[in-house]
Every structure is written in C-alpha cells, then in structure tokens.
Amino acid sequence: MFDSLSDKLDNALHVLKGHGQITEVNVAETLKEVRRALVDADVNYKIAKDFTNTVKEKALGQDVLTALKPGQMMVKLVKDELTQLMGGEAEGINLSGDPSVILMSGLQGSGKTTFSGKLANFLKNKKTKKPLLVACDVYRPAAINQLHVVGEQVGVEVFSDEGNQDPVAISKAAIAHAKQNGHNVVIIDTAGRLAVDEAMMTEISNIHEAIQPHETLFVVDSMTGQDAVNTAKTFNERLNFDGVILTKLDGDTRGGAAISIKSVVNKPIKFIGTGEKMDALDVFYPDRMADRILGMGDVVSLVERAQEQYDEEEARKLQKKIAKNQFGFDDFLKQLQQIKKMGSMKDLMGMIPGAGKMLKDVDIDDDAFKGIEAIIHSMTPEERSNPKVINSSRKKRISKGSGTSVQEVNQLLKQFNQMGKMMKMMQGGGGQKMMQMMKG
Ligand code: GDP
C-alpha cells in the first residue's frame, strides 16, 4: 500500500537528517521534495502546495526549543498535517436507526458489491447487528447473483426481486422485510452509474429521496487517483453523501485519492478495502494511515486484528489442554488458522514499524504455513494428539503423504516439542524457570 509515495517521502525527509538545525533553505529544499512526492502520488497540485506551505510555516515558527532533531521534527509536522488532510479523527457510520439504512453509490466496478458484503460481515461480527443485503441493480441479473454469492459467503440474508425494474419499490419492500424479520441494518447495493448519466443519477437521487437512508456511502477505487476525487465531487453535488469508501488500497502504490478526497469533498473516508476477500476491510483512521504512509507501521491496527480473532472460551480450553500436556497438532493447526484469519502476511508485516520498508521487495508467501499444514494433515488422529508415537517409519509415511522431506517432518516435530515445553513453563508459574533457562 502506497509504497512508492512512502519511498519518496522517506527520501525527501532524509535531506534534513544530517542537519543540526532547521533553516529556511533546508526546509524549502525538503518541502520541495515532499511536494513533488505528493504530486507524483496524484495529489492535486494546489492541495500539495497548500500542504507544504502549512508545514513550512509551522517548521519555521518552531523555536529550536524542541527536543526533537530537525529531521524528526519535520517527520512529525508532515505526519500531523497528513493526518489533518485525511480528516483528523476517524468517523464511524450512523447505525442509530432500527433498521439503519445504508445506501451504496458509485461507478460500476468500484467495489460496491464487494464492500456491501464486507460491511455486512463486519457488522454481523459485532454480534448486536443483524444485517440484510439488498440487490437493487435492476439492469444486470449477474449483479444480483453476485450479491447472493457474497451474502452466502458471509452468512447474511440477501433480499432481491428479480424482474422488478423499480429500485425504489425494491428498497422499500426490503426495509419492510427487515422490520418484519428483525434485521437492524439494511445495506442497499445499487447499480454502478456514471456521473454524466443523467437518468441514472436521477434514479439514485430518487432512491435516496424515497428511503431517506441513515448513511449514504460513495464507493470509489483508490487506484484511479485524481479521477476518484473528481467523481466523488460530482456524486457529492448530487447526493450529498455522508462518507467515502476507498477500495483496492492493496493495489494502490500512490495514495493520491486517500490523501486528497477529504479536502475536496469535505466528507470523511470511513472504510478502506484492502483485498478481494470478505475480511479485507479496515476502519479508516487518518493518523494510523499517516503513520503507514511515513513507514512508521500501524501497531494499533495489528493488535486490534489479533483481538478480533481472540476467542476467550477457546483460549481457556487451550490453557487446560496445555496444563494437562494434551496440546496436540490439531490445536496447533487451529492456532495457525487463526493467525491466517488476521489477513495476508504482507499486509500484517506492513503494520510492523520498519518492516514494511524492509520487506518491500520480498515476496511474502501467503501460504507460508502450507508445508506445515500439509505435514499435519498427513498425520493420523492418533499421531496428532500423541506425537510421541511418530517413529521413523511413520515419519517416512508422513513426508511422502505431504510431499515434504523427512527432514522437514523432523524439524516440525522438534519445534512442536520445544513449543510444548515452553508453554508448560509459562503455565505453571514457571516464569522464573524460563528466565533461568534463557540465562543458562
Ligand atoms: P461493483 O461493480 O461496484 O459492485 O464492484 P465489485 O464489488 O464487483 O468489484 C469489482 C472488482 O474489484 C471485483 O473483482 C472485486 O473482487 C474487486 N475488488 C473490490 N474491492 C477490492 C479491494 O479492496 N481490493 C482488491 N484487490 N480488489 C477489490
């Protein structure tokens, strides 16, 4: 995400690193590079210029009283200003209605249907929400099917009325259906439309007028840069939407749309899409995004993702097993699957400060655990729960079955064994023992 922008900003800010003091000359030099980086990222020239002017004023206004070095101070000023530009605070969506009605709008292919599914999934996981997805694209039967597929994937009901050509009527019927069936959120996926298509723009205005949604969202592909910003502007003039959803950030190396959309339409970015899978969705936090753009990682989001996957009851069961020495390969496999649910490895790595930059050119295999999983899958249930029985002939069989070498099987068994010992120690108030072991 935003790799090329991050690189250029990093280079720009490096200029000041060697200087002991902030002067007009070195500030101007640095900010010229920052501005160039922003323009290259497809940020509108005027926005980029205003941005650097503000940072310049602040930088020169600072006495050198600060404990920060000039380079660090400039990074901080740029970070703060980027955060402001992207909206300052995170803004959630309005879920106060019963049901709360959310209307999607945007160009075809922007990611509306995918996002509708992701949002339904996101809300469903909050336990207190029971969403209903509504197919309102009356022009393409395939679009209705696509929403059904998405709904099935996330386990959310989809309301559709194939053949009905009136999206206003469908939306109203869907809201009535939601009320009757205890759905407290209604997510309406509409047909993609161009801002210049007058008939289609009137159609969405009519839906908007008729159902008075609690939240109207504009979905846009971040990879389209300035075009995304311009389209947002025209849609906003017609719909006065409440927020922006930026999709496909995973493929966006430049970041121009993310940086400038808020200042152009004065509406916050609420969520970002970071992949095709249903869990590739993040709340948009301007400050965390600024950190990521500047290569400072995003530990807070990383921890939050881990917490989302944390299941207290499972954890308790696991603890008991460890205490009784019953932690087996099946439990191990479950743990691996939990880690995988947190997102793609590259994405996770990008949240660790410094790691994103370091690993930028490394191809991180999302199937890093594939070999391990294959080995475990080739074990019998007995072997999984009691690995001690795995003798050399069994090892041969397992390696054959999993397409790995005996050496790899051995290595996994050894690691598993060590892990078991470690866990046991952590359990039995053995912190001290462990310290001793580490020292020794
Ligand atoms: P719609 O026409 O606006 O409903 O767009 P779709 O939801 O059908 O999405 C268009 C294409 O973009 C599909 O192939 C999606 O899988 C893909 N897509 C949507 N969101 C994302 C995202 O955040 N990242 C990536 N990489 N692809 C996405």
Taking residue 110 as meeting all but one of (1) part of a loop (DSSP other than H, G, I, E, B); (2) away from the ligand (no atom under 14 Å from the Cβ); (3) buried (at least 23 other Cβ atoms within 10 Å of the Cβ), write down the number of the exception.
(2)
For residue 213, state whether it is in the same structural domain as residue 232 (by TED's automatic domain parsing), of a type outside the set (A, V, I, L, M), surrounded by 19 or more Cβ atoms within 10 Å (Cβ to Cβ) and in contact with a helix residue (DSSP H, G or I) (Cβ under 7 Å, 6 or more places away or on another chain).
no
With 233, 270, 277 as the choices, which residue is crowded, with 21+ Cβ neighbours inside 10 Å and either modelled with pLDDT of 95 or more or assigned by TED's automatic domain parsing to the domain that holds residue 188 (or both)?
270
Residue set 92, 87, 163; condition small (Gly, Ala, Ser), away from the ligand (no atom under 13 Å from the Cβ), buried (at least 19 other Cβ atoms within 10 Å of the Cβ) and not in a helix (DSSP H, G or I); output residue 87
If you check residue 39 against the conditions, is it over 29 Å from the mean Cα position of the chain (by Cα), without any contact (Cβ under 8 Å) to a residue 40 or more places away in the chain and in a helix (DSSP H, G or I)?
no
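Residues are listed down the side, and each one gets a yes or a no for (1) within 16 Å of the ligand (Cβ to nearest atom); (2) more than 27 Å from the chain's Cα centre (by Cα); (3) buried (at least 18 other Cβ atoms within 10 Å of the Cβ):
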| site | (1), (2), (3) |
| --- | --- |
| 58 | no, yes, no |
| 106 | yes, no, yes |
| 116 | yes, no, yes |
| 126 | no, no, no |
How do the pairs read when you match residues in the range 377-393 that are assigned by TED's automatic domain parsing to the domain that holds residue 329 with residues anywhere that are part of a helix (DSSP H, G or I) and among the basic types (Lys, Arg), using Cβ under 9 Å and keeping only pairs 6 or more apart or on different chains?
378/397; 378/400; 379/394; 380/394; 383/394
Is there a residue being within 16 Å of the ligand (Cβ to nearest atom), part of a helix (DSSP H, G or I) and either touching a residue at least 60 places away in the same chain (Cβ under 8 Å) or surrounded by fewer than 19 Cβ atoms within 10 Å (Cβ to Cβ) (or both) anywhere in the range 310-324?
no
Taking into account only those residues within the range 171-193 that are more than 16 Å from the ligand (Cβ to nearest atom) and of a type in the set (Val, Ile, Thr), which is surrounded by the fewest Cβ atoms within 10 Å (Cβ to Cβ)?
175
From the list 70, 99, pick out the single residue that is closer than 30 Å to residue 193 by Cβ and not charged (D, E, K, R).
99
Need pairs with beta-carbon distance below 9 Å; first residue near the ligand (Cβ under 9 Å from one of its atoms) and within the range 270-286, second of a type in the set (Phe, Trp, Tyr); sequence gap 6+ or separate chains.
272/284; 273/115; 281/115; 281/122; 281/271
Is there any pair linking a residue in the range 134-146 that is more than 24 Å from residue 99 (Cβ to Cβ) to one that is at pLDDT 90 or above and in a helix (DSSP H, G or I), with Cβ under 9 Å and at least six apart or on different chains, and which?
140/146
Of 149, 158, which residue is of a type in the set (Val, Ile, Thr) and away from the ligand (no atom under 13 Å from the Cβ)?
158
Surrounded by fewer than 21 Cβ atoms within 10 Å (Cβ to Cβ), closer than 25 Å to residue 253 by Cα and touching a helix residue (DSSP H, G or I) at 6+ places or on another chain (Cβ under 9 Å): does that describe residue 201?
no
Specify which of the listed residues (251, 256) is modelled with pLDDT under 90, away from the ligand (no atom under 15 Å from the Cβ), under 21 Å from residue 295 (Cβ atoms) and among the small types (Gly, Ala, Ser).
256
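The values are calculated or read from the model by the stated rules, or taken from the named source; none is laboratory data. Just so it is clear, the model here is predicted, and its values are computed rather than measured. All Cβ positions, even for glycine, are placed from backbone atoms using ideal geometry, and neighbour counts span all protein chains on display.
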